Amino acid sequence: MNGTMQRVVINAVGMEKRTALMENEKLIECAVHRPTKSPLTGNIYKGKVQKVLPGMQAVFVDIGTSKNGFLHKDDLPAYQQLSGEAQKKVSISSLIKEGESILVQVVKEETGDKGAKLTALISFTGHLLVYFPFTPHVGISKKIKESQRAMLQDWGDSVINNQEGLIIRTGCEDFPEREMNQELESLRRQFNEVQKCSDGKKAPDLIVQPPFFYPLLERWINHNVEEIIVDDYETYQHVKEYAASFQNPFSVKLYNEKEPLFRKLGIDTDIEKALSPLVWLKNGSSLYFNVTEALTAIDVNTGKFTGKKDRSKTVVETNKIAAQEIMKQLRLRNIAGMIVIDFITMQSNEDKEQINKVMREALKNDSATMILHGFTKMGLFEMTRKKERPSLLETLATRFDRHMMDGYILRQETLYYQMDRIMKEYTYEDDEALWMEVPQHFSEWLKKNPDKLKHLEKQHDIKVFLSIGSSNREMAVRQSGKIDEIRNRMLKDSH
(Lines give C-alpha, C1' and ligand atoms only; values in the text may rest on other atoms or scores of the structure.)
Protein backbone atom coordinates (compact mmCIF):
# COMPACT_ATOMS: atom_id res chain seq x y z
CA MET A 1 0.00 0.00 0.00
CA ASN A 2 1.30 3.45 -0.85
CA GLY A 3 -0.54 5.14 2.02
CA THR A 4 -3.54 5.81 -0.20
CA MET A 5 -6.88 4.95 1.32
CA GLN A 6 -9.78 5.21 -1.10
CA ARG A 7 -13.47 4.73 -0.56
CA VAL A 8 -16.40 4.88 -2.93
CA VAL A 9 -19.48 6.71 -1.63
CA ILE A 10 -22.86 6.14 -3.26
CA ASN A 11 -25.76 8.49 -2.51
CA ALA A 12 -28.74 6.63 -3.99
CA VAL A 13 -31.52 8.01 -1.80
CA GLY A 14 -33.81 10.31 -3.78
CA MET A 15 -34.33 10.76 -7.50
CA GLU A 16 -30.82 11.97 -8.33
CA LYS A 17 -28.05 9.42 -7.69
CA ARG A 18 -24.49 10.53 -6.96
CA THR A 19 -21.30 8.47 -6.87
CA ALA A 20 -18.05 9.79 -5.42
CA LEU A 21 -14.50 8.53 -5.11
CA MET A 22 -12.58 9.79 -2.08
CA GLU A 23 -8.88 9.49 -1.39
CA ASN A 24 -7.58 10.12 2.13
CA GLU A 25 -10.93 11.78 2.97
CA LYS A 26 -10.84 14.17 -0.01
CA LEU A 27 -13.13 14.06 -3.03
CA ILE A 28 -11.18 13.22 -6.20
CA GLU A 29 -13.93 12.29 -8.67
CA CYS A 30 -17.67 12.49 -8.74
CA ALA A 31 -20.55 11.66 -11.09
CA VAL A 32 -24.20 12.71 -11.03
CA HIS A 33 -26.91 10.45 -12.48
CA ARG A 34 -30.34 11.89 -13.10
CA PRO A 35 -33.50 10.09 -14.11
CA THR A 36 -33.10 10.35 -17.87
CA LYS A 37 -34.33 8.93 -21.11
CA SER A 38 -31.09 9.85 -22.86
CA PRO A 39 -28.66 7.01 -23.64
CA LEU A 40 -25.95 6.24 -21.10
CA THR A 41 -22.52 4.75 -21.81
CA GLY A 42 -22.73 0.96 -21.80
CA ASN A 43 -26.45 0.81 -22.65
CA ILE A 44 -27.31 -1.75 -25.32
CA TYR A 45 -30.17 -1.03 -27.74
CA LYS A 46 -31.89 -2.79 -30.58
CA GLY A 47 -31.67 0.06 -33.06
CA LYS A 48 -33.10 0.73 -36.50
CA VAL A 49 -30.90 2.13 -39.27
CA GLN A 50 -32.40 5.49 -40.30
CA LYS A 51 -29.98 6.84 -42.84
CA VAL A 52 -26.83 5.57 -44.56
CA LEU A 53 -24.25 8.31 -45.26
CA PRO A 54 -21.73 6.96 -47.81
CA GLY A 55 -19.82 10.28 -47.77
CA MET A 56 -19.08 9.92 -44.05
CA GLN A 57 -18.96 6.09 -44.16
CA ALA A 58 -21.43 6.10 -41.26
CA VAL A 59 -25.10 5.55 -40.43
CA PHE A 60 -27.64 7.23 -38.17
CA VAL A 61 -29.43 4.76 -35.94
CA ASP A 62 -32.77 5.32 -34.20
CA ILE A 63 -32.44 3.90 -30.68
CA GLY A 64 -35.74 5.30 -29.42
CA THR A 65 -34.29 8.43 -27.78
CA SER A 66 -34.80 12.05 -28.90
CA LYS A 67 -31.65 12.09 -31.07
CA ASN A 68 -30.44 9.43 -33.48
CA GLY A 69 -27.15 7.76 -32.60
CA PHE A 70 -24.12 7.79 -34.92
CA LEU A 71 -22.34 4.59 -35.99
CA HIS A 72 -19.14 4.52 -38.08
CA LYS A 73 -18.22 1.82 -40.61
CA ASP A 74 -15.24 0.64 -38.46
CA ASP A 75 -17.68 -0.26 -35.67
CA LEU A 76 -19.61 -2.84 -37.70
CA PRO A 77 -18.96 -6.60 -37.23
CA ALA A 78 -19.37 -7.13 -41.00
CA TYR A 79 -16.50 -4.68 -41.63
CA GLN A 80 -14.24 -6.24 -38.97
CA GLN A 81 -14.63 -9.69 -40.54
CA LEU A 82 -13.23 -8.55 -43.91
CA SER A 83 -9.55 -8.92 -44.81
CA GLY A 84 -7.35 -5.79 -44.79
CA GLU A 85 -7.51 -5.47 -48.60
CA ALA A 86 -11.30 -5.83 -48.72
CA GLN A 87 -11.67 -3.27 -45.91
CA LYS A 88 -9.92 -0.60 -48.02
CA LYS A 89 -12.34 -1.02 -50.92
CA VAL A 90 -15.67 -1.61 -49.22
CA SER A 91 -18.34 1.09 -48.91
CA ILE A 92 -20.70 1.21 -45.96
CA SER A 93 -23.73 0.93 -48.31
CA SER A 94 -22.85 -2.70 -49.05
CA LEU A 95 -22.54 -3.58 -45.34
CA ILE A 96 -25.74 -2.17 -43.91
CA LYS A 97 -29.10 -1.00 -45.25
CA GLU A 98 -31.73 1.53 -44.23
CA GLY A 99 -34.53 0.02 -42.12
CA GLU A 100 -32.33 -2.82 -40.86
CA SER A 101 -32.34 -3.74 -37.15
CA ILE A 102 -28.98 -3.76 -35.40
CA LEU A 103 -27.70 -4.39 -31.87
CA VAL A 104 -25.65 -1.36 -30.70
CA GLN A 105 -23.93 -0.14 -27.56
CA VAL A 106 -23.37 3.48 -26.45
CA VAL A 107 -19.68 4.46 -26.41
CA LYS A 108 -20.12 8.19 -25.79
CA GLU A 109 -23.18 9.96 -24.39
CA GLU A 110 -25.13 12.72 -26.11
CA THR A 111 -23.67 16.19 -25.65
CA GLY A 112 -25.20 19.46 -26.82
CA ASP A 113 -26.75 18.81 -30.23
CA LYS A 114 -24.74 15.64 -30.96
CA GLY A 115 -26.43 12.25 -30.65
CA ALA A 116 -24.78 9.33 -28.87
CA LYS A 117 -21.78 7.62 -30.50
CA LEU A 118 -22.56 3.93 -30.99
CA THR A 119 -20.73 0.71 -31.80
CA ALA A 120 -22.11 -2.61 -33.04
CA LEU A 121 -18.94 -4.29 -31.70
CA ILE A 122 -20.59 -4.71 -28.33
CA SER A 123 -18.55 -5.71 -25.28
CA PHE A 124 -19.19 -7.18 -21.85
CA THR A 125 -16.85 -6.18 -19.06
CA GLY A 126 -15.83 -8.38 -16.15
CA HIS A 127 -13.16 -7.79 -13.51
CA LEU A 128 -10.56 -9.90 -15.31
CA LEU A 129 -11.69 -9.83 -18.93
CA VAL A 130 -13.56 -7.75 -21.47
CA TYR A 131 -15.43 -10.02 -23.88
CA PHE A 132 -16.20 -9.03 -27.49
CA PRO A 133 -18.59 -11.41 -29.30
CA PHE A 134 -17.74 -9.85 -32.72
CA THR A 135 -14.15 -8.53 -32.58
CA PRO A 136 -11.56 -11.22 -33.33
CA HIS A 137 -8.55 -9.95 -31.37
CA VAL A 138 -6.82 -10.76 -28.07
CA GLY A 139 -5.40 -7.73 -26.27
CA ILE A 140 -3.46 -7.64 -23.00
CA SER A 141 -3.45 -4.76 -20.51
CA LYS A 142 -0.34 -2.59 -20.93
CA LYS A 143 0.21 -2.75 -17.18
CA ILE A 144 0.94 -6.50 -17.25
CA LYS A 145 4.64 -7.45 -17.00
CA GLU A 146 6.42 -8.57 -20.16
CA SER A 147 7.26 -11.98 -18.60
CA GLN A 148 3.55 -12.87 -18.22
CA ARG A 149 2.32 -11.75 -21.62
CA ALA A 150 3.14 -14.77 -23.80
CA MET A 151 1.42 -17.20 -21.42
CA LEU A 152 -1.71 -15.00 -21.24
CA GLN A 153 -1.72 -14.55 -25.02
CA ASP A 154 -1.64 -18.37 -25.49
CA TRP A 155 -4.49 -18.79 -23.06
CA GLY A 156 -6.54 -16.10 -24.84
CA ASP A 157 -5.93 -17.63 -28.27
CA SER A 158 -6.92 -21.09 -27.03
CA VAL A 159 -10.27 -20.18 -25.40
CA ILE A 160 -11.97 -18.09 -28.10
CA ASN A 161 -13.53 -19.04 -31.42
CA ASN A 162 -12.75 -17.22 -34.67
CA GLN A 163 -15.30 -14.40 -34.24
CA GLU A 164 -14.74 -13.57 -30.60
CA GLY A 165 -12.18 -11.36 -28.93
CA LEU A 166 -10.92 -10.57 -25.43
CA ILE A 167 -9.03 -7.96 -23.53
CA ILE A 168 -7.13 -9.51 -20.64
CA ARG A 169 -7.21 -7.01 -17.77
CA THR A 170 -4.58 -6.18 -15.14
CA GLY A 171 -6.17 -8.52 -12.58
CA CYS A 172 -4.90 -11.51 -14.64
CA GLU A 173 -1.22 -10.75 -13.95
CA ASP A 174 -0.88 -13.82 -11.66
CA PHE A 175 -2.83 -15.99 -14.14
CA PRO A 176 -5.84 -17.09 -12.02
CA GLU A 177 -6.84 -19.51 -14.79
CA ARG A 178 -9.88 -21.02 -13.07
CA GLU A 179 -11.45 -17.61 -12.37
CA MET A 180 -10.64 -16.45 -15.90
CA ASN A 181 -12.42 -19.46 -17.43
CA GLN A 182 -15.42 -18.97 -15.14
CA GLU A 183 -15.65 -15.28 -15.99
CA LEU A 184 -15.44 -15.94 -19.74
CA GLU A 185 -18.38 -18.38 -19.44
CA SER A 186 -20.38 -15.84 -17.44
CA LEU A 187 -19.72 -13.06 -20.02
CA ARG A 188 -20.75 -15.40 -22.87
CA ARG A 189 -23.98 -16.16 -20.98
CA GLN A 190 -24.66 -12.42 -20.63
CA PHE A 191 -24.28 -12.02 -24.39
CA ASN A 192 -26.65 -14.93 -25.10
CA GLU A 193 -29.25 -13.39 -22.78
CA VAL A 194 -28.94 -10.07 -24.60
CA GLN A 195 -29.44 -11.80 -27.95
CA LYS A 196 -32.50 -13.70 -26.70
CA CYS A 197 -33.99 -10.56 -25.20
CA SER A 198 -33.32 -8.59 -28.41
CA ASP A 199 -34.95 -11.25 -30.60
CA GLY A 200 -38.18 -10.81 -28.66
CA LYS A 201 -38.27 -7.02 -29.11
CA LYS A 202 -39.14 -4.64 -31.92
CA ALA A 203 -36.57 -1.95 -32.84
CA PRO A 204 -35.97 0.65 -31.46
CA ASP A 205 -35.81 -0.57 -27.85
CA LEU A 206 -33.51 -0.53 -24.84
CA ILE A 207 -32.17 -4.03 -24.13
CA VAL A 208 -29.65 -3.52 -21.29
CA GLN A 209 -29.02 -0.63 -18.95
CA PRO A 210 -26.27 -1.33 -16.42
CA PRO A 211 -27.01 0.01 -12.89
CA PHE A 212 -25.89 3.68 -12.57
CA PHE A 213 -22.89 2.83 -10.35
CA TYR A 214 -21.55 0.08 -12.60
CA PRO A 215 -19.39 1.93 -15.18
CA LEU A 216 -17.79 3.97 -12.40
CA LEU A 217 -16.99 1.04 -10.14
CA GLU A 218 -15.48 -0.72 -13.16
CA ARG A 219 -13.13 2.24 -13.57
CA TRP A 220 -12.46 3.02 -9.93
CA ILE A 221 -12.08 -0.31 -8.18
CA ASN A 222 -8.45 -1.17 -7.44
CA HIS A 223 -6.50 -2.50 -4.46
CA ASN A 224 -6.55 0.96 -2.79
CA VAL A 225 -10.34 0.94 -2.40
CA GLU A 226 -11.07 -0.24 1.12
CA GLU A 227 -14.82 0.16 1.25
CA ILE A 228 -17.98 1.21 -0.51
CA ILE A 229 -20.61 3.09 1.50
CA VAL A 230 -24.21 3.19 0.26
CA ASP A 231 -27.17 5.04 1.77
CA ASP A 232 -30.02 3.08 0.16
CA TYR A 233 -30.90 -0.51 1.01
CA GLU A 234 -31.82 -1.76 -2.46
CA THR A 235 -28.68 -0.27 -4.06
CA TYR A 236 -26.63 -1.66 -1.15
CA GLN A 237 -27.86 -5.17 -2.02
CA HIS A 238 -26.91 -4.71 -5.69
CA VAL A 239 -23.46 -3.36 -4.83
CA LYS A 240 -22.88 -6.21 -2.36
CA GLU A 241 -23.70 -8.72 -5.08
CA TYR A 242 -21.31 -6.91 -7.44
CA ALA A 243 -18.52 -6.83 -4.82
CA ALA A 244 -18.90 -10.55 -4.10
CA SER A 245 -17.82 -11.41 -7.65
CA PHE A 246 -14.26 -10.13 -6.99
CA GLN A 247 -11.46 -12.46 -5.91
CA ASN A 248 -10.84 -10.28 -2.84
CA PRO A 249 -14.22 -8.77 -2.01
CA PHE A 250 -14.01 -5.36 -0.29
CA SER A 251 -16.40 -4.29 2.42
CA VAL A 252 -19.76 -2.75 1.49
CA LYS A 253 -21.46 -0.77 4.26
CA LEU A 254 -25.01 0.49 4.54
CA TYR A 255 -25.24 4.05 5.89
CA ASN A 256 -28.46 4.86 7.70
CA GLU A 257 -27.77 7.84 9.94
CA LYS A 258 -30.05 10.85 9.84
CA GLU A 259 -27.50 13.32 8.46
CA PRO A 260 -27.25 12.93 4.64
CA LEU A 261 -24.20 10.94 3.63
CA PHE A 262 -22.63 13.49 1.23
CA ARG A 263 -22.99 16.26 3.81
CA LYS A 264 -21.56 14.13 6.61
CA LEU A 265 -18.41 13.32 4.60
CA GLY A 266 -17.98 16.90 3.34
CA ILE A 267 -18.61 15.90 -0.29
CA ASP A 268 -21.37 18.51 -0.78
CA THR A 269 -18.91 21.26 0.15
CA ASP A 270 -16.25 19.86 -2.19
CA ILE A 271 -18.72 19.76 -5.09
CA GLU A 272 -19.72 23.36 -4.43
CA LYS A 273 -16.05 24.43 -4.49
CA ALA A 274 -15.55 22.58 -7.77
CA LEU A 275 -18.08 24.90 -9.43
CA SER A 276 -16.05 27.99 -8.57
CA PRO A 277 -13.61 29.27 -11.22
CA LEU A 278 -11.05 30.17 -8.54
CA VAL A 279 -8.83 27.64 -6.75
CA TRP A 280 -6.33 28.78 -4.09
CA LEU A 281 -2.98 26.99 -3.86
CA LYS A 282 -1.17 26.40 -0.61
CA ASN A 283 1.54 29.04 -1.24
CA GLY A 284 -0.89 31.91 -1.74
CA SER A 285 -0.99 31.70 -5.54
CA SER A 286 -4.16 30.64 -7.39
CA LEU A 287 -5.70 29.07 -10.49
CA TYR A 288 -8.51 30.55 -12.54
CA PHE A 289 -10.64 28.28 -14.77
CA ASN A 290 -12.39 29.88 -17.73
CA VAL A 291 -14.54 27.21 -19.34
CA THR A 292 -16.01 27.91 -22.77
CA GLU A 293 -17.67 25.52 -25.20
CA ALA A 294 -14.61 25.24 -27.41
CA LEU A 295 -11.87 25.06 -24.81
CA THR A 296 -10.85 25.56 -21.19
CA ALA A 297 -8.26 28.20 -20.38
CA ILE A 298 -6.52 27.94 -17.01
CA ASP A 299 -4.56 30.86 -15.64
CA VAL A 300 -1.87 30.46 -12.97
CA ASN A 301 -1.62 33.61 -10.84
CA THR A 302 1.49 34.37 -8.80
CA GLY A 303 -0.09 35.69 -5.61
CA LYS A 304 2.28 36.96 -2.98
CA PHE A 305 5.79 36.09 -4.09
CA THR A 306 8.37 35.09 -1.55
CA GLY A 307 12.01 34.45 -2.28
CA LYS A 308 12.75 37.71 -4.15
CA LYS A 309 16.40 36.67 -4.56
CA ASP A 310 15.79 33.64 -6.66
CA ARG A 311 12.66 34.47 -8.59
CA SER A 312 13.07 31.72 -11.20
CA LYS A 313 13.19 29.05 -8.49
CA THR A 314 9.99 30.38 -6.90
CA VAL A 315 8.32 30.46 -10.31
CA VAL A 316 9.14 26.81 -11.01
CA GLU A 317 8.01 25.74 -7.53
CA THR A 318 4.70 27.60 -7.93
CA ASN A 319 4.17 26.15 -11.42
CA LYS A 320 4.84 22.64 -10.09
CA ILE A 321 2.24 23.02 -7.33
CA ALA A 322 -0.15 24.49 -9.92
CA ALA A 323 0.47 21.59 -12.35
CA GLN A 324 -0.40 18.99 -9.70
CA GLU A 325 -3.53 20.85 -8.64
CA ILE A 326 -4.67 21.38 -12.26
CA MET A 327 -4.49 17.64 -12.97
CA LYS A 328 -6.56 16.95 -9.82
CA GLN A 329 -9.12 19.60 -10.76
CA LEU A 330 -9.52 18.32 -14.34
CA ARG A 331 -10.48 14.95 -12.92
CA LEU A 332 -12.69 16.34 -10.17
CA ARG A 333 -14.51 18.79 -12.46
CA ASN A 334 -14.43 16.27 -15.31
CA ILE A 335 -13.23 18.90 -17.77
CA ALA A 336 -12.61 17.55 -21.26
CA GLY A 337 -11.69 18.72 -24.74
CA MET A 338 -8.93 21.22 -25.48
CA ILE A 339 -7.19 22.66 -22.43
CA VAL A 340 -4.72 25.57 -22.49
CA ILE A 341 -2.72 26.46 -19.37
CA ASP A 342 -1.01 29.82 -18.90
CA PHE A 343 1.72 28.99 -16.37
CA ILE A 344 3.86 31.78 -14.91
CA THR A 345 6.45 32.52 -17.60
CA MET A 346 9.64 30.47 -17.44
CA GLN A 347 12.62 31.19 -19.67
CA SER A 348 14.69 28.02 -19.53
CA ASN A 349 13.80 24.73 -21.20
CA GLU A 350 15.00 22.80 -18.12
CA ASP A 351 12.36 24.58 -16.05
CA LYS A 352 9.65 23.78 -18.61
CA GLU A 353 10.77 20.14 -18.66
CA GLN A 354 10.23 19.96 -14.87
CA ILE A 355 6.59 20.99 -15.40
CA ASN A 356 6.23 18.47 -18.25
CA LYS A 357 7.45 15.79 -15.87
CA VAL A 358 4.96 16.68 -13.13
CA MET A 359 2.11 16.60 -15.66
CA ARG A 360 3.21 13.22 -17.06
CA GLU A 361 3.44 11.78 -13.54
CA ALA A 362 -0.05 13.04 -12.61
CA LEU A 363 -1.50 11.52 -15.79
CA LYS A 364 -1.25 8.07 -14.25
CA ASN A 365 -3.90 8.80 -11.62
CA ASP A 366 -6.64 9.61 -14.12
CA SER A 367 -8.48 6.93 -16.06
CA ALA A 368 -9.54 9.37 -18.81
CA THR A 369 -7.40 9.41 -21.94
CA MET A 370 -5.18 12.51 -22.06
CA ILE A 371 -2.64 13.78 -24.54
CA LEU A 372 -0.06 16.33 -23.39
CA HIS A 373 1.19 18.51 -26.25
CA GLY A 374 3.50 20.51 -23.97
CA PHE A 375 4.56 24.16 -24.30
CA THR A 376 3.87 26.04 -27.53
CA LYS A 377 5.99 28.84 -29.02
CA MET A 378 3.85 31.33 -27.13
CA GLY A 379 4.72 29.62 -23.86
CA LEU A 380 1.25 28.17 -23.27
CA PHE A 381 0.86 24.53 -22.24
CA GLU A 382 -1.59 22.60 -24.41
CA MET A 383 -3.31 19.29 -23.72
CA THR A 384 -6.52 17.38 -24.43
CA ARG A 385 -8.66 15.16 -22.21
CA LYS A 386 -11.19 12.77 -23.69
CA LYS A 387 -14.85 13.48 -23.02
CA GLU A 388 -16.83 10.58 -21.63
CA ARG A 389 -19.67 12.34 -19.87
CA PRO A 390 -20.66 16.01 -19.33
CA SER A 391 -18.53 18.00 -16.88
CA LEU A 392 -19.68 18.73 -13.32
CA LEU A 393 -20.28 22.38 -14.22
CA GLU A 394 -22.35 21.47 -17.32
CA THR A 395 -24.43 19.03 -15.28
CA LEU A 396 -25.11 21.23 -12.26
CA ALA A 397 -24.98 24.81 -13.50
CA THR A 398 -25.82 26.93 -16.51
CA ARG A 399 -24.45 30.22 -17.80
CA PHE A 400 -26.82 33.14 -17.25
CA ASP A 401 -24.52 36.07 -17.89
CA ARG A 402 -22.06 35.90 -20.77
CA HIS A 403 -20.26 39.00 -19.54
CA MET A 404 -19.56 37.92 -15.99
CA MET A 405 -16.57 35.64 -15.49
CA ASP A 406 -18.40 33.60 -12.87
CA GLY A 407 -21.77 34.06 -14.53
CA TYR A 408 -23.21 30.67 -13.54
CA ILE A 409 -26.36 29.78 -11.70
CA LEU A 410 -27.41 26.32 -10.59
CA ARG A 411 -29.73 24.60 -13.05
CA GLN A 412 -33.37 24.30 -12.00
CA GLU A 413 -33.02 20.50 -12.08
CA THR A 414 -30.03 20.70 -9.70
CA LEU A 415 -32.07 22.75 -7.21
CA TYR A 416 -35.07 20.45 -7.67
CA TYR A 417 -33.10 17.34 -6.74
CA GLN A 418 -31.55 19.26 -3.85
CA MET A 419 -35.07 20.12 -2.67
CA ASP A 420 -35.97 16.42 -2.88
CA ARG A 421 -33.04 15.62 -0.54
CA ILE A 422 -33.90 18.43 1.91
CA MET A 423 -37.55 17.31 2.12
CA LYS A 424 -36.42 13.74 2.71
CA GLU A 425 -34.62 14.89 5.87
CA TYR A 426 -37.96 16.07 7.32
CA THR A 427 -39.94 12.89 6.61
CA TYR A 428 -38.92 11.48 9.99
CA GLU A 429 -40.18 14.53 11.92
CA ASP A 430 -43.79 15.35 12.73
CA ASP A 431 -43.75 18.44 10.56
CA GLU A 432 -46.70 19.09 8.26
CA ALA A 433 -44.99 21.84 6.30
CA LEU A 434 -41.73 23.59 5.41
CA TRP A 435 -41.10 27.22 4.60
CA MET A 436 -38.20 27.37 2.14
CA GLU A 437 -36.27 30.26 0.70
CA VAL A 438 -35.20 29.50 -2.86
CA PRO A 439 -33.38 31.33 -5.68
CA GLN A 440 -35.65 33.48 -7.85
CA HIS A 441 -35.10 31.59 -11.13
CA PHE A 442 -36.02 28.34 -9.38
CA SER A 443 -39.18 29.80 -7.86
CA GLU A 444 -40.27 30.97 -11.35
CA TRP A 445 -39.57 27.52 -12.79
CA LEU A 446 -41.69 25.83 -10.09
CA LYS A 447 -44.58 28.24 -10.84
CA LYS A 448 -44.41 27.23 -14.50
CA ASN A 449 -44.20 23.51 -13.56
CA PRO A 450 -46.62 23.15 -10.62
CA ASP A 451 -46.75 19.35 -11.00
CA LYS A 452 -43.03 19.15 -10.05
CA LEU A 453 -43.60 20.53 -6.55
CA LYS A 454 -46.83 18.55 -6.14
CA HIS A 455 -44.89 15.37 -6.93
CA LEU A 456 -42.36 16.09 -4.13
CA GLU A 457 -45.07 17.08 -1.63
CA LYS A 458 -46.96 13.87 -2.28
CA GLN A 459 -43.82 11.73 -2.15
CA HIS A 460 -42.61 13.14 1.18
CA ASP A 461 -46.09 13.89 2.58
CA ILE A 462 -45.17 17.45 3.52
CA LYS A 463 -46.48 20.85 2.30
CA VAL A 464 -43.98 23.44 1.02
CA PHE A 465 -44.33 27.22 1.17
CA LEU A 466 -41.85 29.21 -0.88
CA SER A 467 -40.33 32.65 -0.70
CA ILE A 468 -37.48 34.11 -2.74
CA GLY A 469 -34.05 34.25 -1.09
CA SER A 470 -31.14 36.53 -1.94
CA SER A 471 -28.79 33.82 -3.26
CA ASN A 472 -28.92 32.35 -6.77
CA ARG A 473 -27.25 29.14 -5.59
CA GLU A 474 -28.57 28.27 -2.16
CA MET A 475 -31.86 27.37 -0.62
CA ALA A 476 -32.67 27.20 3.05
CA VAL A 477 -35.45 26.01 5.33
CA ARG A 478 -36.68 29.05 7.27
CA GLN A 479 -39.12 27.11 9.38
CA SER A 480 -40.74 23.69 9.76
CA GLY A 481 -43.87 22.84 11.69
CA LYS A 482 -47.67 22.97 11.46
CA ILE A 483 -49.26 24.47 8.34
CA ASP A 484 -51.11 27.22 10.23
CA GLU A 485 -48.03 28.27 12.23
CA ILE A 486 -46.03 28.72 9.03
CA ARG A 487 -48.84 30.61 7.26
CA ASN A 488 -49.10 33.06 10.17
CA ARG A 489 -45.35 33.53 10.41
CA MET A 490 -45.11 34.25 6.66
CA LEU A 491 -47.94 36.76 6.90
CA LYS A 492 -46.27 38.48 9.86
CA ASP A 493 -42.96 38.66 7.98
CA SER A 494 -44.53 40.18 4.88
CA HIS A 495 -45.97 43.15 6.81
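The values are calculated or read from the model by the stated rules, or taken from the named source; none is laboratory data. Only a predicted model underlies this, so the values are computations on that prediction, with no experimental measurement involved. In this analysis, Cβ positions are derived from the backbone assuming ideal geometry, glycine residues included, and neighbour counts consider all displayed protein chains. Just so you know, the surface numbers come from the protein's heavy atoms only, side chains and all, with ligands and any DNA or RNA stripped out. Shrake-Rupley method; radii C 1.70, N 1.55, O 1.52, S 1.80 Å.
Of all residues in the stretch 370-394, those that are buried (at least 18 other Cβ atoms within 10 Å of the Cβ) and among the hydroxyl-bearing types (Ser, Thr, Tyr) total 1. Reported count of residues in the stretch 91-106, each being open to solvent by 30 Å² or more (accessible area, probe 1.4 Å) and touching a helix residue (DSSP H, G or I) at 6+ places or on another chain (Cβ under 6 Å), is 2. The set of residues in the stretch 160-205 being in a strand (DSSP E or B) and touching a residue at least 60 places away in the same chain (Cβ under 8 Å) consists of 205 alone. Filtering the stretch 418-454 to residues that are of a type outside the set (A, V, I, L, M), touching a residue at least 40 places away in the same chain (Cβ under 8 Å) and either closer than 19 Å to residue 484 by Cα or open to solvent by less than 70 Å² (accessible area, probe 1.4 Å) (or both) leaves 418, 420, 421, 424, 425, 426, 429, 431, 432, 435, 437, 441. Does any residue of the stretch 64-86 turn out to be open to solvent by less than 30 Å² (accessible area, probe 1.4 Å), touching a strand residue (DSSP E or B) at 6+ places or on another chain (Cβ under 6 Å) and more than 20 Å from residue 163 (Cβ to Cβ)? Yes, that holds for at least one residue. Applying the criterion of being open to solvent by less than 30 Å² (accessible area, probe 1.4 Å) and small (Gly, Ala, Ser) to the residues of the stretch 200-254, the residue that is nearest to residue 23 (Cα to Cα) is 243. Can you tell me which residue in the stretch 30-44 is modelled with the lowest pLDDT, limited to those that are among the aliphatic types (A, V, I, L, M) and open to solvent by less than 20 Å² (accessible area, probe 1.4 Å)? My answer is 31.
Among the criteria (1) open to solvent by less than 90 Å² (accessible area, probe 1.4 Å); (2) of a type in the set (Asp, Glu); (3) modelled with pLDDT of 95 or more, the one residue 493 does not fulfil is (3). What number of residues within the stretch 107-138 are within 19 Å of the chain's Cα centre (by Cα), open to solvent by less than 60 Å² (accessible area, probe 1.4 Å), among the aliphatic types (A, V, I, L, M) and at pLDDT below 95? Number satisfying all stated conditions: 1.
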